[in-house]
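Notes for the one structure printed next.
The values are calculated or read from the model by the stated rules, or taken from the named source; none is laboratory data. Computed from a predicted model, the values in this text were never measured in an experiment. Because the Cβ atoms are built from the backbone with ideal geometry, glycine has one as well, and the counts that use them run over all protein chains shown.
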């Protein structure tokens, strides 16, 4: 199930939803959702995790969601959904229906749940699509893969103190999520497209910092073999099948990775050595890449990737 959480100047203290297999659910929702305090972490991720806690009470009561490795594995094995927020000046809930239908017709989702909040109240709906025969494109963006892990939603959050708003981040938790979460996520996307990491011409990874790049590759390539061989493989892949600009542009969040193809084509990238790793060593060949995988991590916490065939 995928969740859409639509927020528009809501003044609701809770969401009530029913299902055939569960009793009436109370999902706390803060008021004044248009404010930053109620968007970081995203409300949709918190709603998602509250559903998970109710649907899987044993995992909740046993503390599964307070242990990073167990929580990640549980979400990857049992939850398999994503959640995001939308803010719009439109007060028409038809916008949600349009988005839900697009996901259903794409074949990416079988069920979409939406929560529409407005001054008039709260509308909870479940959207199901039947009879659609989606056609997978042969070129361009051929596949996407998005997952939200609401159990980690508070890794990045805003808080208020004496009238000012500050950000707070669990740096270790975010780094673990960004690096350890890559393997199950990308393996699922690649395997359903009959690909492996070695079959990619270019991998564009989120660059919150440089250290996460070789660490992510180590997780992706690790097979229990000789650590020296792993180190060599990581170094080669990072130098020849990836692009790096974090050491020049700094952390621009996902924006930094979006600039990478542009910087490549206009010749703005240069060979360099960062933290002992050679980078940008194969720029001319990468300009003609045909199979490209882009992978990003965001607050929520969420991971989203898309595969291109050019």
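Out of all the residues in the stretch 118-125, is one or more in a helix (DSSP H, G or I) and touching a residue at least 40 places away in the same chain (Cβ under 8 Å)?
Our first condition is that a residue be in a helix (DSSP H, G or I); within the stretch 118-125, this holds for none.
Within the stretch 118-125, none of the residues are in a helix (DSSP H, G or I) and touching a residue at least 40 places away in the same chain (Cβ under 8 Å).
Please enumerate the residues belonging to the stretch 20-63 that are crowded, with 16+ Cβ neighbours inside 10 Å, more than 23 Å from residue 112 (Cβ to Cβ) and at pLDDT 85 or above.
Within the stretch 20-63, 59, 60 qualify.
Of the residues 268, 239, which is part of a loop (DSSP other than H, G, I, E, B), in the same structural domain as residue 293 (by TED's automatic domain parsing) and within 16 Å of residue 280 (Cα to Cα)?
Just one listed residue meets the conditions, 268.
Could you check the stretch 40-114 for helices (runs of 4 or more DSSP H) lying wholly inside it with 3 or more residues that are touching a strand residue (DSSP E or B) at 6+ places or on another chain (Cβ under 8 Å)?
43-55, 94-106
For residue 230, work out the one condition from (1) surrounded by 12 or more Cβ atoms within 10 Å (Cβ to Cβ); (2) out of contact with any helix residue (DSSP H, G or I) (no Cβ under 8 Å at 6 or more places or on another chain); (3) not in a loop (DSSP other than H, G, I, E, B) it doesn't fulfil.
Result: residue 230 fails condition (2) only.
Check off (1) more than 30 Å from residue 180 (Cα to Cα); (2) modelled with pLDDT of 80 or more; (3) surrounded by 16 or more Cβ atoms within 10 Å (Cβ to Cβ) for residue 125 and give me the number that stays unchecked.
Residue 125 satisfies all of (1) more than 30 Å from residue 180 (Cα to Cα); (2) modelled with pLDDT of 80 or more; (3) surrounded by 16 or more Cβ atoms within 10 Å (Cβ to Cβ) except (3).
In this structure, is residue 150 more than 20 Å from residue 209 (Cα to Cα) and touching a helix residue (DSSP H, G or I) at 6+ places or on another chain (Cβ under 9 Å)?
Yes.
Considering only residues that are touching a strand residue (DSSP E or B) at 6+ places or on another chain (Cβ under 7 Å) and farther than 24 Å from residue 78 by Cβ, which ones fall in the stretch 157-185?
Scanning the stretch 157-185 gives 157, 158, 159, 165, 166, 167, 168, 169.
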